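Take a look at the structure set out below.
The values are calculated or read from the model by the stated rules, or taken from the named source; none is laboratory data. This is a predicted model, so every value here is computed, not measured. All Cβ positions, even for glycine, are placed from backbone atoms using ideal geometry, and neighbour counts span all protein chains on display. Just so you know, the surface numbers come from the protein's heavy atoms only, side chains and all, with ligands and any DNA or RNA stripped out. Shrake-Rupley method; radii C 1.70, N 1.55, O 1.52, S 1.80 Å.
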Amino acid sequence: MTPAKQLDRVVLEMSFKPFRALDDASIAAVCREALQQWFPLAKLAKECGLLLWISDGSEILTWKGDLSEKFEWARYIGTCNTKFRPYNHTIDPRRLARPYTDNPVEFTYGDIRRIIDTFRRVGREEFGLRIVVGATFDPGPEFAESPFKFELHPEIMGRGDEVNIGATVWMVRTWSRLRGDKARYAAYPDGIPEGTSFGEFFARQCRSFLSTLGFDYIWFSNGFGFSHFGWSELGESFDGERFYPERYQHLSERILDFWRLFGKECNFPIEVRGTNFSTGIDLAKDCVPYVDIYEGGFIRVPPPNYPSGAINYDFGLEMVGYMTRIALLPEAVFPFRYYVNDPWFMANPWRNRYGEEPFDIYIPLSTARLNAKGEVETPRLVEFLSIDTERGVLDESTALEVVPHVRRALDHKPDAVAPFVWLYPFREYHRLPKEQPQLLDLAYFGDWYIRGALNNGLPLNSVISTDDFPGALAAGKAAGSGAKAGSGAETGAGSLAAAVIFTPTPFIDADYVHVLQRHVEQGGKVVFYGPICGATCAAAARLLNLKQVSGLEGDLDFHTTLPDDIFTAWQGERKLRHVSALSGGPLTEVLADAEEAHTQVLAEAGLGGEKRVYALWRSLPEWQGGSVAWVRGSSSFVIHTYAEGRRAPKEHSLTEFWEPSILLVKMLSRYGYTFRQTCRTPATKRALVFIHRHDNAFYFSGFKADTTVQLTFDLPEGAPIFAQKEAVLSADGATYYLEKSFHVHAHVLVRQKEESMVHCRDLPPLPQGKVRHLLITGLVDADVTIYPPPERWNEIEIRQGQHGVMIVDAFGNGTQGTRIMAANADQVKTRLKLTGITGELSIIW
């Protein structure tokens, strides 16, 4: 029986630079080398994708149907088309385009077909791989010289100064209309008629190009099909000072008209890279109707994670973009994309952006979405941009170094609900333009706010849509798949009912809001963020015991009782800067009933004697242990005008002003979690930390931009003891000195009062038949909770010391009078508890 494949597809992206000769043997040698290097990963998938970056898509625009015709291709290192000044900044002369080699080959369209055919033959005959091939279209100016875009038809290029948002990189506008010309094109042999829709022209050219040359699908790059301001934080409905929701109908229909027209004229599947941002940000600033694009059947898979981590270290933005775009799916799968090499510029990210550190592999691959059945879903497509360098080198060493990390991350993929889940209002955000247009800015603020929280250590990497939440919650309860909320087994339950849910404060009446309220009343835990909108969702205001009064904004006095991080080289006071235009309006919230004993105000902001509630926690006795927390939140930046007219965010000074999103991280203390960072100053870059569950263990994946930062972790049942690591363990948790990239796991949690140095080592698993042996040393009167792999439950042996007396036998039964507690709320064996352990502990299964 053939084992099930771990992935649906592995996609290898490459340029034509490795093809330095075009005889059959040379082409086959390049194809063979490319597949050989990545075969250890490609063999795990049902099919191997090849995504070809031939030019910048202009080869499609100028295609005449003549296989013997030569074409301009991406044979450069550096930035192209600079003489037309399509960039929002002056290009460093060292980065100007130049040929990647002295004598680049000249390709004909027929050579494209030969290369595709050879890849398929070599893949099938020599590697047993089914090869599918994608063509690419990039709307921008960077990758290749394009007379079509900048000389023949510059009218298709969009610029930021046209919509009052400052200088932006020029991008093709999908809704453009072409000036007539008399040139020959495959779909227009007599030339382009005046006023022809670019969408129609492009679709017809694609249909001819893709079918003639043997492609299977088309890839739209850099926001094409979504926004021609896909690189800008501003857009056609947000100029940095105000939002224009009244433009939604026009702008969204213009986007959808392109998709409809393309689908009518070209029936090839489409895959997309998307913008640099997120669902909510794109919706608010450019009126991108993701719901309609997904449900219209125009694309098969959502955009992948954007490599903002490699480019600007903004991993929070990468993860927010990733999760918001997979909360709902066009179909049943979603991708992960990794930036290995850059075929256009002097940048090989694995070497000189990531520094050979694998954090941008482990972090996105720790991500999961939950479907309407409550099932955990992980990426089924893995894509690599690109497998060749800017010099056309297929670097085997890069594949040898990257592939093991990807395989390890896939082997450790989430298989149960994480402790923290983002409930994302994908559909409700899209209802705002028609039902509550004055609140459209909430989508922009909310996504940016979570981006800040992730960049400051909020361990949120699982997402579920409000569409799927009611069904998932009901399915979990019906199946008895986890511990009842409030039972004391939440940490190990791996169920949605037991998770701490983060979600925007409801801003519109919807079914999920009532389900969420019942969930809290039955013991659930929810953290809300963002302003209350009592006029449109009174239920949320009542749940939180809040009402609205006149607003405050500006630089405000701020006080919180939530625990802060530890700073070793700074002392001082900070204010809170609240910019209403970027923060969902001014601060208006106060307690509705200030005398109620069950509401605790945890943070306040004030100005001139007036105060507003900024964070609170509430739990009524009848809620069966359930609770709600709330953080108002503020933007962490202002929109600043830089040199040459570029307008973009500028972050607040963190030694003068609080980072508003950090309160979400500190709110976890109300639920028994500690994620504390010890830094020099508030301006120190915090570590990113994410948690997921696999094989009953707790996996922590993260990135330390500053390796001097210390991390202290504690969970409701104890501090995680990472395999092969050392920790300073105390009543506050386990403090670690982890490396820049970390991907560690704990099958053991420990609670003890006295400080000690604790070690966890892997030893050879004896006797024969065992698969793992963990030796933990340095315990002092500790309570130890063990989460063994479920399939090894009946193989557990626990001894006092490496060769000491057995205290738990192979069936999980206590011996020698040791107190054992098996926590299994619904008779599913998930963990063992030991108490009063001192010294060494051997755990074998």
Inset, instruction - Only residues that are more than 18 Å from K5 (Cβ to Cβ) and either of a type in the set (D, E) or in a helix (DSSP H, G or I) (or both): list them for segment 364-382, please. - result: P364, S366, E375
Inset, instruction - Pull up segment 125-149, narrow it to residues that are assigned to a helix (DSSP H, G or I) and under 23 Å from F262 (Cβ atoms), then point me to the one that is farthest from the chain's Cα centre (by Cα). - result: F148
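Residues checked against (1) at pLDDT 70 or above; (2) part of a strand (DSSP E or B); (3) in contact with a Gly (Cβ under 9 Å, 6 or more places away or on another chain):
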residue	(1), (2), (3)
T818	no, no, yes
D826	no, no, yes
T830	yes, no, yes
L834	yes, yes, yes
T838	yes, yes, no
L841	yes, yes, yes
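Has segment 541-552 got any residue that is basic (K, R) and out of contact with any Ser or Thr (no Cβ under 8 Å at 6 or more places or on another chain)?
Within segment 541-552, the first condition is being basic (K, R), and the residues that meet it are 542, 547.
When the remaining residues are screened for being out of contact with any Ser or Thr (no Cβ under 8 Å at 6 or more places or on another chain), the result is 542, 547.
Yes, segment 541-552 contains a residue that is basic (K, R) and out of contact with any Ser or Thr (no Cβ under 8 Å at 6 or more places or on another chain).
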Legend entry - Scan of segment 1-42 for residues that are hydroxyl-bearing (S, T, Y) and modelled with pLDDT of 95 or more, ordered by number: S15, S26
Legend entry - Subset of segment 686-724 [free of Cβ contacts under 8 Å to residues at least 60 places away in the same chain, in a loop (DSSP other than H, G, I, E, B) and not acidic (D, E)]: K704, T707, T708, V709, F722, A723, Q724
Legend entry - Counted residues, segment 741-774 - those being farther than 16 Å from Q724 by Cβ and of a type in the set (G, A, S): 2
Inset, instruction - Give segment 736-774 a look and list any residue that's touching a strand residue (DSSP E or B) at 6+ places or on another chain (Cβ under 6 Å), assigned to a loop (DSSP other than H, G, I, E, B) and closer than 17 Å to G804 by Cβ, or say none. - result: P765, K770
Legend entry - Selection count, segment 233-251, where residues are open to solvent by less than 10 Å² (accessible area, probe 1.4 Å) and of a type in the set (F, W, Y): 1
Legend entry - Answer from E13, E33, E72 - the residue that is of a type in the set (D, E), open to solvent by 20 Å² or more (accessible area, probe 1.4 Å) and not in a helix (DSSP H, G or I): E72
Inset, instruction - Go through segment 187-224 and count every residue that is of a type outside the set (F, W, Y) and in a helix (DSSP H, G or I). - result: 12
Inset, instruction - Taking the residues in segment 351-374 that are closer than 21 Å to R9 by Cβ and either at pLDDT below 95 or of a type outside the set (S, T, Y) (or both) as candidates, determine which candidate is farthest from the chain's Cα centre (by Cα). - result: N371
Inset, instruction - Quick one: M319 ticks every box in (1) within 27 Å of F243 (Cα to Cα); (2) assigned to a loop (DSSP other than H, G, I, E, B); (3) hydrophobic (A, V, I, L, M, F, W, C) except a single one, so which number is it? - result: (2)
Legend entry - Failed item, numbered, when E401 is tested on (1) open to solvent by 20 Å² or more (accessible area, probe 1.4 Å); (2) over 30 Å from F16 (Cβ atoms); (3) not aliphatic (A, V, I, L, M): (2)
Inset, instruction - Only one of these is of a type in the set (A, V, I, L, M, F, W, C), surrounded by fewer than 24 Cβ atoms within 10 Å (Cβ to Cβ) and under 23 Å from P358 (Cα atoms): I299, I311. Name it. - result: I311
Inset, instruction - Filter segment 644-685 for residues that are in a loop (DSSP other than H, G, I, E, B), under 24 Å from the mean Cα position of the chain (by Cα), among the polar types (S, T, N, Q) and farther than 30 Å from N88 by Cβ and give the result. - result: T684
Inset, instruction - List every residue pair whose Cβ atoms sit under 7 Å apart, with the two residues 6 or more apart in sequence or on different chains, where the first one lies in segment 9-25 and is of a type in the set (S, T, Y) and the second, anywhere, is open to solvent by less than 10 Å² (accessible area, probe 1.4 Å) and assigned to a loop (DSSP other than H, G, I, E, B). - result: S15/A74; S15/P343; S15/S386; S15/D388
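Select from segment 36-59 the residues that are assigned to a helix (DSSP H, G or I) and either among the charged types (D, E, K, R) or touching a strand residue (DSSP E or B) at 6+ places or on another chain (Cβ under 6 Å) (or both) and list them in ascending order. Write out each step before concluding.
Here is the first cut: in segment 36-59, the residues assigned to a helix (DSSP H, G or I) are 36-42, 58-59.
Within segment 36-59, W38, L41, A42, E59 qualify.
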Legend entry - Any pair with Cβ under 8 angstrom, 6 or more apart, that starts in segment 230-245 at a residue that is over 18 Å from E651 (Cα atoms) and without any contact (Cβ under 8 Å) to a residue 24 or more places away in the chain and ends at one that is part of a loop (DSSP other than H, G, I, E, B) and not polar (S, T, N, Q): Y244/E236
Inset, instruction - Considering only residues that are more than 24 Å from A727 (Cα to Cα) and in a loop (DSSP other than H, G, I, E, B), look in segment 775-812 and name the one that is most open to solvent (accessible area, probe 1.4 Å). - result: V805
Inset, instruction - Please go through segment 212-232 and pick out each residue that is surrounded by fewer than 20 Cβ atoms within 10 Å (Cβ to Cβ) and either under 20 Å from G585 (Cβ atoms) or under 26 Å from the mean Cα position of the chain (by Cα) (or both). - result: Y217, W231
